[in-house]
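The values are calculated or read from the model by the stated rules, or taken from the named source; none is laboratory data. Since this is a predicted model, take the numbers as computed values, not measurements. Note: ideal-geometry Cβ built from the backbone for every residue, glycine included; neighbour counts use all protein chains shown.
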Amino acid sequence: MSEIQQPPSEDGTATARPETSLSARPVPAGTAPIKAEYLLHPTSTVDGASTSVLNDIGDDDAAEGVTGGSGGDARDNKRRKPNKNDKKERKGANKGRHFPVIREMSIKICKAWETTGLCDRGETCKFNHSWDGYFEIKPSDVYLNPSATLLPDPPYVNEEAQSGVVEDENDLIGKKINLKTVCPVLKDLGYCPYGWRCRFLGNHIKRINDKEGSSKAQKSSEQDKENADAQNGFSSSPSSWSSSKKLGKWELLDFSTNDNEAKGKWKGGETNWIEWETTNKLKRNEYEFPFSKAYLSVVEPDKPFTLNNPKSKFGKSKSHKRKQDVSEEASLNAAVSEEAAFNEEESAFNQNGDSAQEEKGIVVGESEAMDVPLRPEEKKRLNWEGGRYLAPLTTVGNLPFRRLCVDYGATITISEMALAQPLVSGHNEEWALCRRHESEKMFGIQLAGGYANRMVPAAELIRKELYGGVDFVDINMGCPIDLVFNQGAGSALMEAPGRLAKILVGMNRALGDVPLTVKFRTGISNNKPNAHKLIPKFATQWGAGALTIHGRSRTQRYSKLADWEYIKTCADTLRESLADANLPPVPIFGNGDCYSSEGYYEEMEKSGVDGVMVARGALIKPWIFTEIKERREWDISATERLEGIRKYAEFGLSHWGSDTQGINTTRRFLCEALSFQCRYVPIGLLERLPGKLNERPPAYRGRNELETLLSSPFSNDWVKISEMFLGKVDDAFNFVPKHKSNAYGNEEAQG
């Protein structure tokens, strides 16, 4: 029943009714306790107002630079209550994200001609064997100074970019270079393999002086003619091609592909390069897997050993075309054939053969295959106690990010999840995930797959091709996404001990002395944890060299806090099992919600684990490893955070390249990293310490403009940050964030 509003009382002794507002209501659970002086618009005048409205922040269209046209009806701008469909459109994940590869536009230089001066294809080559017209379309140099002072207020980077620009309208190359820039590849490697295509060309180029020119004039007229041709981009022999390092008034310095280094295990400070001959054999199903064939013939005698890729078109293809587009789901889609590789007898075999043998306590394949079981002393020991372990992180856990975390203090790193099927099929995109930087002192590769006939060959392949570049191999038993789970991989293995036994025993043998580790969840369902039942077998029967348990089930995802009490139960179970079997210690790590040094050591001591694997906490604040190492909470300044972003940009350019394509790839992954780092709330703004991973901040401002910018949830601000170190964004660049509310670019970002 509604009440009739009474006129205000004229009685001066009456007590005024307190004014009610949203600010007087309890703060919602999970809200970060930010000090009042940093909050924006703490008092709301409209109960239904959104955070963006309260803080004068535009909606998604405004964030993307989209404005209403003059032809629109003014009534469209009136406030209306959002319905469920509106909320659905603005929320959720952008599925099927697509990132086009951006290179120099029309003129494409032949790589073979550029590096050797010769091209086997001759006149049939579709790429250019000349620099003619190239510098007319090449973008200008990007200015980067790794030692430039970073500022808390605009322009944020104290740079003198214009001082290095050549002021000569008649010099085509000079107009595009900046002599003050620093090439991150040259700085990192001592040479730059991108030559004239480098977007930091001013760092490894010099003007040809008169003295050097006069000495060249003493050469024979024939050689002079070849040099002149080479300067114009035409060269017919390797000896004369060396002079193509001189174009116009400029000479290229420090250009090398370092072919001698490429033939070894390390190239460009990175290892685990797969040979072209190997991938070619894999694609043509010509690679030999002697151990896998013998092992699988014993444990699965009714199934023929085959690694056929039904999508392979080799034999029909006339040329190897480089892919023009990069899709995040490409490698996942490539694994579709993994389950198809097994016939329909798999389910019947699991129900009959596996269950019957497991009831008798027999590990499938252990008693029959390969003579005798591996003894613990045949494997390298993993002494990980107290190690600072960076978790495998799909998309964002790439080599430059791992390198940044090592710089902050991480001691154990692991690749992004690699799928077994694409690896054994020779997919270069999947093998690129296995790359390791020389700064990663303890490095592993994580494999995902649901069946022994893919996982065991993948392990054998890694042992044969990457031995010395891999310290351990990890099996993914925790991935919850449907695409992996529905193929029997990831967390699906938690309820398939028969298949799991065949996978672990076979991989352990195939890897030789390389340790095999497992990462798993509490189980699949919320109320049915079964990890404690598998743990005794992991170490005593299946030979796992280390265990990592994520304290959530598959169905939980991140909806609840990690269960560290159950992690403690699992740690105790492992220790008891090893003691009963009279086996040496096996390290066990816990995982879930670690976001501070205090939380790290508290969880470690309460649960009894040997260490804590850090996942989302490292994405939001990579410097957490410094906090753990020094046992302190670091009130990191905005300029110190920006320094970490600059390092990531440098590492990315060194890894992906300093040409146009490398810059845009680095920008894409830098934006991915910033989509997590923007969630960090500086601890100097909090009313209590430490911060919590599951807490979300209300709208706030930082202690300076840079700190406010770094907290922006909009991807146009992430792109703006990237421009500080990667130059102006290309018109063709668009970034589709994982979440629709952060969109940048074109209509595709709207979902």
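Just to be sure before I move on: is E565 within 17 Å of S607 (Cα to Cα) and surrounded by fewer than 18 Cβ atoms within 10 Å (Cβ to Cβ) in the structure I sent?
yes
To keep it simple, each residue is scored yes or no on (1) at pLDDT below 90; (2) under 27 Å from N734 (Cα atoms).
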site: R97; (1), (2): yes, yes
site: E114; (1), (2): yes, no
site: G122; (1), (2): yes, no
site: W131; (1), (2): yes, no
site: Y156; (1), (2): no, yes
site: E159; (1), (2): yes, yes
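Quick one: is G684 closer than 30 Å to C192 by Cβ and part of a helix (DSSP H, G or I)?
Numbers: closer than 30 Å to C192 by Cβ: no; part of a helix (DSSP H, G or I): yes.
No: the conditions fail for G684.
Determine which single condition N383 fails, assuming it passes every other condition in (1) polar (S, T, N, Q); (2) under 18 Å from the mean Cα position of the chain (by Cα); (3) part of a loop (DSSP other than H, G, I, E, B).
Among (1) polar (S, T, N, Q); (2) under 18 Å from the mean Cα position of the chain (by Cα); (3) part of a loop (DSSP other than H, G, I, E, B), N383 violates only (2).
Give segment 474-486 a look and list any residue that's among the charged types (D, E, K, R) and buried (at least 22 other Cβ atoms within 10 Å of the Cβ), or say none.
D474, the sole residue that qualifies.
Can you pull out every residue in segment 712-741 that is part of a loop (DSSP other than H, G, I, E, B) and closer than 17 Å to T639 by Cα?
S712
Here's the yes/no breakdown for (1) modelled with pLDDT under 95; (2) in a loop (DSSP other than H, G, I, E, B); (3) under 23 Å from R388 (Cβ atoms):
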residue	(1), (2), (3)
E460	no, no, no
R463	no, no, no
I475	no, no, yes
L483	yes, no, no
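Does any residue of segment 420-433 turn out to be within 15 Å of the chain's Cα centre (by Cα) and either under 23 Å from F520 (Cβ atoms) or part of a strand (DSSP E or B) (or both)? Before you say what the answer is, go through the steps one by one.
Pass one, segment 420-433, residues within 15 Å of the chain's Cα centre (by Cα): 429-433.
Adding the requirement that they be either under 23 Å from F520 (Cβ atoms) or part of a strand (DSSP E or B) (or both) leaves 430, 433.
Checked against the condition, which is being within 15 Å of the chain's Cα centre (by Cα) and either under 23 Å from F520 (Cβ atoms) or part of a strand (DSSP E or B) (or both), segment 420-433 yields at least one hit.
May I ask you to list the residues in segment 604-620 that are farther than 21 Å from R703 by Cα and in a helix (DSSP H, G or I)?
M604, E605, K606, S607, R616, G617, A618, L619
For segment 559-568, does any single residue satisfy the condition of being hydroxyl-bearing (S, T, Y) and modelled with pLDDT of 95 or more?
yes
Filter segment 400-419 down to residues that are assigned to a helix (DSSP H, G or I) and of a type outside the set (D, E, K, R), then give me how many there are.
6
Anything in segment 553-565 that is free of Cβ contacts under 8 Å to residues at least 24 places away in the same chain and under 30 Å from L511 (Cβ atoms)? List them, or say none.
Across segment 553-565, there are no qualifying residues.
What residue, of L685, L642, L670, is closer than 28 Å to E603 by Cβ and at pLDDT 95 or above?
Going through L685, L642, L670 in turn, just one is closer than 28 Å to E603 by Cβ and at pLDDT 95 or above: L685.
Do you know which of the residues in segment 493-539 that are of a type in the set (S, T, Y) and within 23 Å of G387 (Cα to Cα) is surrounded by the fewest Cβ atoms within 10 Å (Cβ to Cβ)?
Result: T517.
For segment 509-534, what are the residues that are within 28 Å of L461 (Cβ to Cβ) and either under 27 Å from the mean Cα position of the chain (by Cα) or among the aliphatic types (A, V, I, L, M) (or both)?
A510, L511, V514, P515, L516, T517, V518, K519, F520, R521, L534
Just for helices (runs of 4 or more DSSP H) wholly inside segment 238-303: which have at least 3 residues that are at pLDDT 90 or above?
Result: 276-283, 290-299.
Tell me the residue from E650, E627 that is in a helix (DSSP H, G or I), more than 18 Å from the chain's Cα centre (by Cα) and at pLDDT 95 or above, please. Lay out the reasoning, then the answer.
Working: E650 fails: more than 18 Å from the chain's Cα centre (by Cα).
Sole residue among the options that is in a helix (DSSP H, G or I), more than 18 Å from the chain's Cα centre (by Cα) and at pLDDT 95 or above: E627.
Could you tell me whether segment 135-147 includes any residue that is at pLDDT 85 or above, small (G, A, S) and surrounded by fewer than 19 Cβ atoms within 10 Å (Cβ to Cβ)?
yes
State the number of residues belonging to segment 669-688 that are without any contact (Cβ under 8 Å) to a residue 60 or more places away in the chain and either surrounded by 19 or more Cβ atoms within 10 Å (Cβ to Cβ) or farther than 15 Å from I645 by Cβ (or both).
First pass over segment 669-688, keeping only residues without any contact (Cβ under 8 Å) to a residue 60 or more places away in the chain: 670, 674, 677-679, 682-684.
Subsequent filtering for residues that are either surrounded by 19 or more Cβ atoms within 10 Å (Cβ to Cβ) or farther than 15 Å from I645 by Cβ (or both) retains 670, 674, 677-678, 682-684.
Counting residues in segment 669-688 that are without any contact (Cβ under 8 Å) to a residue 60 or more places away in the chain and either surrounded by 19 or more Cβ atoms within 10 Å (Cβ to Cβ) or farther than 15 Å from I645 by Cβ (or both) gives 7.
For segment 710-731, indicate whether the set of residues that are of a type in the set (K, R), within 30 Å of S597 (Cβ to Cβ) and at pLDDT below 95 is non-empty.
No, segment 710-731 contains no residue that is of a type in the set (K, R), within 30 Å of S597 (Cβ to Cβ) and at pLDDT below 95.
Suppose the filter is outside any loop (DSSP other than H, G, I, E, B), modelled with pLDDT of 90 or more and over 31 Å from the mean Cα position of the chain (by Cα); does K187 pass it? I'd like the intermediate steps shown before the answer.
Values: outside any loop (DSSP other than H, G, I, E, B): yes; modelled with pLDDT of 90 or more: yes; over 31 Å from the mean Cα position of the chain (by Cα): no.
For K187, the condition - outside any loop (DSSP other than H, G, I, E, B), modelled with pLDDT of 90 or more and over 31 Å from the mean Cα position of the chain (by Cα) - is not met.
So the check is Cβ under 6 Å with 6+ separation or different chains; which pairs have a first residue in segment 106-129 that's surrounded by 15 or more Cβ atoms within 10 Å (Cβ to Cβ) and a second one that's assigned to a helix (DSSP H, G or I)?
Once the first residue is surrounded by 15 or more Cβ atoms within 10 Å (Cβ to Cβ) and sits in segment 106-129, its partners that are assigned to a helix (DSSP H, G or I) give I107/Y134; G117/P238; G117/W241; C119/A112; C119/W113; H129/W113.
Please enumerate the residues belonging to segment 431-473 that are touching a Leu at 6+ places or on another chain (Cβ under 6 Å) and surrounded by fewer than 24 Cβ atoms within 10 Å (Cβ to Cβ).
R435, H437, R463
Rundown of residues vs (1) outside any helix (DSSP H, G or I); (2) free of Cβ contacts under 8 Å to residues at least 12 places away in the same chain; (3) out of contact with any His (no Cβ under 8 Å at 6 or more places or on another chain); (4) hydroxyl-bearing (S, T, Y), yes/no style:
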{"site": "I567", "(1), (2), (3), (4)": "no, no, yes, no"}
{"site": "D572", "(1), (2), (3), (4)": "no, no, yes, no"}
{"site": "A579", "(1), (2), (3), (4)": "no, yes, yes, no"}
{"site": "P585", "(1), (2), (3), (4)": "yes, yes, yes, no"}
{"site": "D593", "(1), (2), (3), (4)": "yes, no, yes, no"}
{"site": "G599", "(1), (2), (3), (4)": "no, no, yes, no"}
{"site": "E602", "(1), (2), (3), (4)": "no, yes, yes, no"}
{"site": "P622", "(1), (2), (3), (4)": "yes, no, yes, no"}
{"site": "E633", "(1), (2), (3), (4)": "yes, no, yes, no"}
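Please specify each residue of segment 526-552 satisfying the condition of being in contact with a helix residue (DSSP H, G or I) (Cβ under 8 Å, 6 or more places away or on another chain), outside any helix (DSSP H, G or I) and free of Cβ contacts under 8 Å to residues at least 40 places away in the same chain.
Across segment 526-552, the qualifying residues are P529, N530.
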